[in-house]
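J.: Here it is, the structure in full.
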Amino acid sequence: MDLHVVPGARGEGVYRLLDELSERHLQLLETLAAEEIDAEPNDDGTLNEQLRDEITLSVLTTDAFGCWWFDADDCNHDNDCDCGPVTLLEVLMYAAPADRQLVFDAHIRRVSELWDHFWSGDALSSGSSSEIGAACAECLVDASSHLPQLYNTAAELAEEIGEAMAAFRVSVALGQPRWPA
């Protein structure tokens, strides 16, 4: 599902903040990952299994929790496709100036949702809370792999906020705390 959509400033496509990837997105991501693995052999000419594991984890995490995604206009989604995951900084650089604040706000909301999900799931699975909060069933069923993936995605998206803040003049307005002190 699209959480936010913004056209590229030059009309070359659209940027979408996705909460999870569709089957088409996932297939393209797996194709791109396979090409990257094949391009990085070990010194002895064999495929790099560590790289394969890292990319596989990245594909699974991106699939589960979404990302910013670029969809090129008139794309046939073949191996030479320009579509794929992009960072917040890339979206901000290619979005129209009038759209940048909305993009930044959408990204911050997504990061907040992911951290809320992580902390709720962590508290629930550790027994420090009995309230579900923003946790999901997978937080209970498969916490040992689900929570680290969630944490990594939330941390990566938070890191992208820092990159954007370094690249642009930014002012963030904080509202009231969501929870009592």
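J.: So how do 16, 24 line up by other beta-carbon neighbours within 10 Å, fewest first?
T.: 24, 16
J.: Also, I was wondering about something else. Could you calculate the contour length gain from residue 75 to residue 166, that is, 0.36 nm times the residue separation minus the distance between their Cα atoms, to one decimal place in nm?
T.: Stretched out fully, the residue 75 to residue 166 stretch lengthens by 29.5 nm.
J.: Let me ask you something else. In what sequence do 129, 144 fall when counting other Cβ within 10 Å, fewest first?
T.: Exposure proxy ranking, most exposed first: 144, 129.
J.: Treating only the Cβ of Lys, Arg, Asp and Glu as charged (+1, +1, -1, -1), what charge dipole size does the range 96-167 show about its Cα centre? Round to the nearest 20 debye.
T.: Around 100 debye, computed over the range 96-167.
J.: Applying the Karplus parametrisation 6.51 cos²θ - 1.76 cosθ + 1.60 with θ = phi - 60° to the phi angles of the range 89-101, what ³J(HN,Hα) value in whole Hz is obtained for each residue in order, glycine and proline being reported as x?
T.: 4, 4, 4, 4, 5, 9, 7, 4, x, 5, 8, 4, 5
The numbers here are math on the coordinates, done by the rules we state, and not lab data. Note that this is a predicted model, so its numbers are computed, not measured. Cβ atoms come from the backbone with ideal geometry, glycine included; neighbour counts cover every protein chain shown.
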